[in-house]
1. When the gyration tensor of the chain is built from Cα positions, what are the square roots of 5 times its three eigenvalues, in whole Å, from largest to smallest?
2. Between residue 163 and residue 81, what FRET efficiency comes out of the Förster formula 1/(1 + (r/R0)^6) with R0 = 30 Å and r the beta carbon distance, rounded to 0.05?
3. Quick check on the exposure proxy: order 158, 110 from fewest to most C-beta atoms within 10 angstrom.
4. Can you tell me the 0 to 90 degree angle between the C-alpha axis of helix 110-123 and the longest principal axis of the chain, rounded to 10?
5. To the nearest 500 deg cm²/dmol, what mean residue ellipticity at 222 nm is calculated for the chain from DSSP H runs of n ≥ 4 alone, each contributing -39,500 (n - 2.57), summed and divided by the residues?
6. To the nearest 10 degrees, how steep is helix 22-31 against the longest Cα principal axis of the chain, on a 0 to 90 scale?
7. Pull out the extension gain between residue 89 and residue 21, defined as 0.36 nm times the separation in residues minus the alpha carbon to alpha carbon distance; nm, one decimal.
8. How would 166, 139, 178, 67 line up from fewest to most surrounding beta-carbon atoms within 10 angstrom?
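Read-outs throughout are calculated quantities, based only on the coordinates presented, and are distinct from any laboratory measurement. Everything quoted here is computed from the prediction, not taken from an experiment. So basically every Cβ, Gly included, is an ideal-geometry build from the backbone, and we count neighbours across all protein chains shown.
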Ligand SMILES: C[S@@+](CC[C@H](N)C(=O)[O-])C[C@H]1O[C@@H](n2cnc3c(N)ncnc32)[C@H](O)[C@@H]1O
């Protein structure tokens, strides 16, 4: 596909309906194994194919996963609630809660930031684990420490026709839990 037709197709993709390649999801999840051992519930704000949840469940069957997407693809895995995440109202979750994973980015990352801020308001998650555009990757959220900040590799995303592409993104993890409270500091996590 020419780069012209690719960029014009992406411009028409108002909901940012592209997906994180499975290997990238797996690498991301594997990095926070030490944290996931303590997680009770995960919320995916914009699940797409829901592979994040599928892979999590394969490693941690006891984690309760809740997935939302405004327009879930027909081939999505498991249950994805058809829901505008930004219209969800306050909700309570059980135990240690993680909010993920790859929200729509919007212009200059504005939409991704809205998803994180709305997720904090609605769920007050203990952990936020998100792929965000580089330009907002240093954003801080009150009460949370930035404990992981890692640039994504090239070709981490795919559009529904199978074309992979790159976008300058970072995997971030913010936590309002002190991991000193647990028996060990999670492996593979850079503390501040
Ligand atoms: C960049 S894709 C990522 C999908 C998936 N998280 C992944 O990593 O493969 C963003 C997803 O957000 C969904 N989306 C867009 N606006 C939304 C909204 N207001 N509420 C919930 N989902 C939304 C799109 O349908 C799309 O599936």
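1. Working: eigenvalues 134, 64, 54 Å².
Ellipsoid half-lengths, sorted descending, are 26, 18, 17 Å.
2. Values: r = 28 Å, r/R0 = 0.93.
It comes to 0.60.
3. Values: 158 17, 110 13.
Least to most surrounded, the residues fall as 110, 158.
4. Taking Cα atoms only, the helix is inclined about 30 degrees.
5. Details: 5 runs with 46 residues, N = 192.
The per-residue figure over the chain is -7000 deg cm²/dmol.
6. That works out to roughly 20 degrees.
7. On the way: separation 68, 0.36 × 68 = 24.48 nm, distance 3.02 nm.
So the chain would gain 21.5 nm between residue 89 and residue 21.
8. Numbers: 166 11, 139 15, 178 8, 67 25.
Ascending number of Cβ neighbours within 10 Å: 178, 166, 139, 67.
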